[in-house]
Each structure stands twice: as C-alpha cells, then as structure tokens.
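A short write-up of the structure that comes next.
The values are calculated or read from the model by the stated rules, or taken from the named source; none is laboratory data. All values reported here derive from a predicted model rather than from experimental measurement. Neighbour counts run over all protein chains shown; Cβ positions are idealised from the backbone, glycine included. These area figures cover heavy atoms from the full protein model, side chains too; ligands, DNA and RNA do not enter into them. Shrake-Rupley method; radii C 1.70, N 1.55, O 1.52, S 1.80 Å.
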Amino acid sequence: MMWYRIFNNNMTFNRKSILGLFTLLLGMAGIQACIEPFSPPEVNSDQGYLVMDGFLNLSNSPSQIILRHSQNVNSPNQPSFETGAQIVVSSEQGENYVFTEPSFGVYQLPATNFNLNDRYRLDIYTLAGKHYQSEYVKAVNTPPIDSVGSYYDQRRDAMVFSVNTHDDTGSTRFYRWKFEETYEYNAALYSTIMMQDNQIVTRPDNIYTCWRSRSSTNIILGSTIKIVKDEIRDLPINVVEVSSQKLLIKYSLLVRQYGLTREAFEYWTELSKTTQGTGSLFDPQPSQVTGNIRNVDDPKELVFGYFAAATEITKRIFVTPRLGNYSYCVPDTLPLACGNPDITCARDYTGLLVSYLDDVSVLGASQSCTDCRTQGGTNVRPSFWQ
C-alpha cells in the first residue's frame with residue numbers, strides 16, 4: 001500500500017476503546033474547573049528567531065531564499081524580514097554560489113548548472129554579525145511527473161486534482177508537492193462606457209474578464225518506502241469546491257514536485273503535525289521543529305527552516321468544467337440630463353457605467369458588479385494562458 005498524507009488523522013475504534021474514551025470524557029468533565037490555559041514560551045516569545053524559507057534549485061532555474069523573523073503568535077504585525085544579509089551556498093567540491101537581494105529579505109541566485117553528485121551547504125551572515133550554517137545536504141534528482149489528473153466528486157460537489165509519478169531507479173522514495181492555481185472569471189456585467197472629463201466615452205480597457213492566482217499552503221507529502229515499487233498513483237493534492245466559483249470558465253493547476261531525503265521528509269512531517277492539526281483531542285501534540293540550520297557561535301539559539309537541494313519538476317494542466325453559478329446584478333437606469341436634483345444622473349453616479357440604454361439614459365451598476373478586479377484578480381492575461 002502506498003503511503004501518503006495531506007495530514008488528516010483517521011482513527012479506528014473497537015468496543016473497548018469506545019468505553020475507554022467514554023470514561024476519559026467523564027473524567028475530563030469532572031475536572032473541568034481545574035484546567036488552566038497553558039501558553040508555551042516559544043509561542044509568546046518576542047525573540048525574533050531567524051526563519052529560513054527556500055531551497056537550492058538544481059534544475060537550471062533561479063533559486064530563492066526568504067529570511068524572516070518569528071514573532072509572538074498574538075502579534076498583530078506582519079513578520080519582519082532579515083535584510084542586508086550575505087547568503088552563500090558552498091559545495092563539498094569547493095564551489096561557492098553567492099545570492100543577491102533584489103527586494104527586502106528575498107535573496108535570489110540566477111539559474112546555474114550544478115553537479116547532482118555533489119553535496120551543498122548554506123551559510124547566512126547577518127548585518128548583526130551572526131553566522132548561521134546548515135549541514136551538508138545531498139542533491140536529490142527529482143523524477144518526472146507522469147501526469148496530473150482531475151475528476152468531479154459528486155459527494156463533495158468539487159473537482160479533485162491528483163498527481164502520478166514514479167522512479168524506475170527506486171532511489172527517490174520521499175516526495176513533496178506544491179501547486180499554483182489560476183482561474184479565469186468574469187464580472188456580472190460588461191462595462192463598455194465610462195465617465196471621463198464629465199463626458200461619457202467608450203471604455204478603452206476590459207474590466208470584464210480577470211485571472212486570479214493562488215499558491216498552495218498545505219504541506220503535501222508522499223512516500224513509497226513501504227512498497228516495492230517507487231511509484232505514486234492518484235495522490236490528491238487539491239480539491240476545488242464548485243461553490244468557490246473557480247470552475248465556471250477555465251481553471252489551471254501548475255504542480256511542482258520535489259524529491260526529498262529521508263531527513264527532509266521527517267522534518268516536513270513533524271512540521272505538518274505542528275502547523276496543520278485541527279486542535280482535536282486526538283491531534284499530535286505541538287513540538288519544536290527547527291530544521292538543519294544552526295548558529296555557528298551559539299548552537300542553543302533557535303533557528304527555523306530546512307535547507308535542501310533538489311531539482312524541481314513542474315507540470316501544468318487546464319480544465320474547463322463549466323461548473324458553478326454566475327453572479328447576478330441588476331443595473332440602474334440613469335438619465336443623461338442632470339436637471340432634476342432628486343434624480344441621480346450618469347455624471348454623478350458613484351458606481352460604474354455599463355452601457356447606453358437609449359438616447360436619454362444609460363445603465364450603471366456598483367463597481368463590484370462591473371469591475372472584475374474588485375474580486376482580487378487582474379485583467380492582464382497570464383503569458384501561459386491557453
């Protein structure tokens with residue numbers, strides 16, 4: 001049986017376990033008044049520990065590493081970035097690769113040819129004089145994605161997307177996936193005119209059709225360590241509900257696949273238990289997951305993140321399921337003349353104009369009905385869109 005998880009906990013109870021659970025719940029009810037809240041020091045700490053997010057991309061594609069700081073879980077502020085640092089990746093063969101910082105806290109390395117038989121180490125030098133270093137990690141050559149499939153699940157009223165892959169050499173065994181979804185959608189009404197310099201003119205841009213993208217947030221892992229063949233079939237990686245309105249016109253999913261070492265797989269597994277639990281009685285208890293990076297001068301300092309080196313394999317699919325319901329808006333009739341102060345005319349309308357109704361009036365509607373960009377997307381067609 002193939003082993004994989006997107007981190008949902010399944011439990012099987014027998015008669016004795018149900019009786020034991022019932023007894024446990026009665027006991028919990030009896031000591032309810034004695035329970036006190038507990039906040040671990042790490043949760044409420046304002047230390048601002050270094051957090052590294054990124055990896056070395058061995059696919060002759062750019063690599064990116066983001067440096068942030070941890071913060072109190074109750075803090076209303078956005079995490080701060082570690083800027084001005086020097087990031088160097090070194091190989092055991094003596095090659096050095098220096099990252100640059102094109103934007104605050106974001107460090108990049110241009111596409112580079114790497115030796116997949118080498119091992120690599122990350123060094124971070126901060127402006128404050130601290131030196132952080134990872135262990136040497138093995139380069140992982142990720143196998144190709146065989147296919148990305150999709151089907152409609154009637155019970156969930158959703159489209160399910162899955163991935164298939166295999167490694168004939170049997171040397172991968174541990175996998176991780178990310179994805180980026182992009183979907184096309186329309187506003188409820190097509191705006192063909194607009195007000196400019198107190199005159200109604202033809203609208204030059206199209207604000208009726210938009211595209212919106214989102215990256216995955218779940219930790220999606222798979223392992224074939226318990227089966228003979230290094231093969232993964234129909235592993236679900238994304239579920240898109242029809243009610244989301246993402247499936248009305250066209251939907252695209254870009255899947256990114258990474259081979260992992262056993263150590264990296266164990267890190268992501270433990271991290272998922274901490275970040276993706278539902279908070280139920282049977283969830284794994286939170287643990288302190290730090291990774292493979294240490295402060296060279298102060299090994300006791302907490303540092304978060306896992307440095308890995310792997311090739312990145314991608315595959316994109318498009319589907320046009322035509323599922324969902326279009327939004328509906330009723331436009332207002334607005335007179336062109338503005339002689340009556342009790343009637344809102346086109347010139348004073350606070351929404352957007354839709355089209356001419358006749359020689360003396362036009363149609364108008366709220367911006368949310370006529371401008372697709374108000375739903376978070378852009379009216380610039382993606383370069384990859386088919």
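Alpha-carbon geometry of region 107-255: the Rg and the Dmax are 23.1, 73 Å, given in that order. Using the average count of surrounding beta-carbon atoms within 10 Å as a protection proxy, the listed peptides 259-266, 200-207 rank, highest first, as 259-266, 200-207. Within the same chain, aspartates and glutamates fewer than 8 places from Lys138 are excluded, and of the rest, those with a Cα less than 14 Å from its Cα are Glu92, Asp118, Glu263. Here each label is just a point 7 Å from Cα along the line to Cβ, and for Cys338 and Glu270 those points are 6.8 nm apart. Using a 1.4 Å probe on the protein heavy atoms, what percent of the accessible area of region 82-201 belongs to carbon and sulfur? The nonpolar share, carbon plus sulfur, comes to 43 percent.
Measure out, as a whole number of angstrom, how far apart the alpha-carbon centroids of region 178-225 and region 61-90 sit. Taking the Cα centre of each part, region 178-225 and region 61-90 sit 29 Å apart.
Charge tally for Arg294 (other residues, Cβ to Cβ under 13 Å; Lys, Arg +1; Asp, Glu -1): -2.
Residues in region 161-210 average 43 Å² of solvent-accessible surface per residue, probe 1.4 Å, ligands and nucleic acids excluded. Computed extension gain for Tyr125 through Val380, at 0.36 nm per residue and net of the alpha carbon distance, reaches 87.9 nm. If R0 is taken as 45 Å, the Cβ-Cβ distance between Ile225 and Ser368 corresponds to a FRET efficiency of 0.35.
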